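Peer 1: The structure is given below, and queries will be raised subsequently.
The values are calculated or read from the model by the stated rules, or taken from the named source; none is laboratory data. Predicted model only: the values in this text are computed from it and were never measured. No Cβ is skipped: glycine too gets one built from the backbone with ideal geometry, and neighbour counts run over all protein chains shown. Each accessible area value is taken on the protein alone, full model and side chains, heavy atoms only, with ligands, DNA and RNA left out. Shrake-Rupley method; radii C 1.70, N 1.55, O 1.52, S 1.80 Å.
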Amino acid sequence: AGSVRMRTALLVALSILLASCDSSTEPFVRRRAWLGAPSGGILAPDTARVGTPFTVTAFAAGSGTRDCNEPDGADVSHNAGMARVEIFVRVKRGRLICTDDLQYYPIAVSLTFAAPGVSVIRVIGTAGSGANAPLDSLERTVVVIP
């Protein structure tokens, strides 16, 4: 029984590792989004209530060709009065013809702050559309009330 459990745990760990690897056979690759800046770049309320979720919308900028710039959500982390929102797009692998018509794609996330005070929302993306574009960020403050 012990060896069956150990083998099962090993298979589960191996499948998780394999699933998390970027495979060249996947049709798309996930990468940080180019930060767009309509309406200041981040839509969020001026105030929020402690423990109450609210929606924040950041914008990815890029080609109108969806194979070149398909919004792919965000990774969110909190640290005291700071919420870090890293936005992503999916880009099709292989040769692409991307149009130069700049579009903005909203990526909405839900945030909750646990303590009152002035909190910061930092959206992380890139300063351009290429795979090697440097990191960039935008910030917005929110007053969190009890």
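Peer 1: Please specify each residue of the stretch 99-113 satisfying the condition of being open to solvent by less than 80 Å² (accessible area, probe 1.4 Å), in contact with a Ser or Thr (Cβ under 9 Å, 6 or more places away or on another chain) and not small (Gly, Ala, Ser).
Peer 2: Filtering the stretch 99-113 for residues open to solvent by less than 80 Å² (accessible area, probe 1.4 Å) gives 99, 101, 103, 105, 107-113.
Filter once more, keeping what is in contact with a Ser or Thr (Cβ under 9 Å, 6 or more places away or on another chain): 99, 101, 103, 107-113.
If the condition is that a residue be open to solvent by less than 80 Å² (accessible area, probe 1.4 Å), in contact with a Ser or Thr (Cβ under 9 Å, 6 or more places away or on another chain) and not small (Gly, Ala, Ser), then THR99, ASP101, GLN103, ILE107, VAL109, LEU111, THR112, PHE113 are the ones that fit.
Peer 1: I would also like to ask the following. Are any residues in the stretch 114-142 among the polar types (S, T, N, Q), modelled with pLDDT of 95 or more and open to solvent by 40 Å² or more (accessible area, probe 1.4 Å), and if so, which ones?
Peer 2: THR141
Peer 1: Considering only residues that are over 23 Å from LEU111 (Cβ atoms) and without any contact (Cβ under 8 Å) to a residue 60 or more places away in the chain, which ones fall in the stretch 40-67? Give the steps one after another, and end with the answer.
Peer 2: Residues of the stretch 40-67 over 23 Å from LEU111 (Cβ atoms): 62-67.
Residues satisfying the conditions are GLY64, THR65, ARG66, ASP67.
Peer 1: Could you pull out the residue among THR57, THR52 that is open to solvent by less than 70 Å² (accessible area, probe 1.4 Å), among the polar types (S, T, N, Q), over 15 Å from GLU139 (Cα atoms) and at pLDDT 85 or above? Working first, answer last.
Peer 2: Values: THR57 fails: over 15 Å from GLU139 (Cα atoms).
The unique qualifying residue is THR52.
Peer 1: Still on this model: State which residue is modelled with the lowest pLDDT when the search covers only the stretch 18-49 and only residues that are under 21 Å from the mean Cα position of the chain (by Cα) and farther than 27 Å from ASN132 by Cβ. Lay out the reasoning, then the answer.
Peer 2: Residues of the stretch 18-49 that are under 21 Å from the mean Cα position of the chain (by Cα), as a first pass: 19-23, 26-45.
With farther than 27 Å from ASN132 by Cβ added as a condition, the list becomes 39, 43-45.
Values: SER39: 60, LEU43: 93, ALA44: 95, PRO45: 96.
In this case the residue turns out to be SER39.
Peer 1: Separate question: Condition first: within 14 Å of ALA37 (Cα to Cα), buried (at least 19 other Cβ atoms within 10 Å of the Cβ) and of a type in the set (A, V, I, L, M, F, W, C). Can you find one or more residues in the stretch 69-83 that meet it? Lay out the reasoning, then the answer.
Peer 2: Start the filter on the stretch 69-83 by keeping residues that are within 14 Å of ALA37 (Cα to Cα), which leaves none.
Among the residues of the stretch 69-83, not one is within 14 Å of ALA37 (Cα to Cα), buried (at least 19 other Cβ atoms within 10 Å of the Cβ) and of a type in the set (A, V, I, L, M, F, W, C), which makes the answer no.
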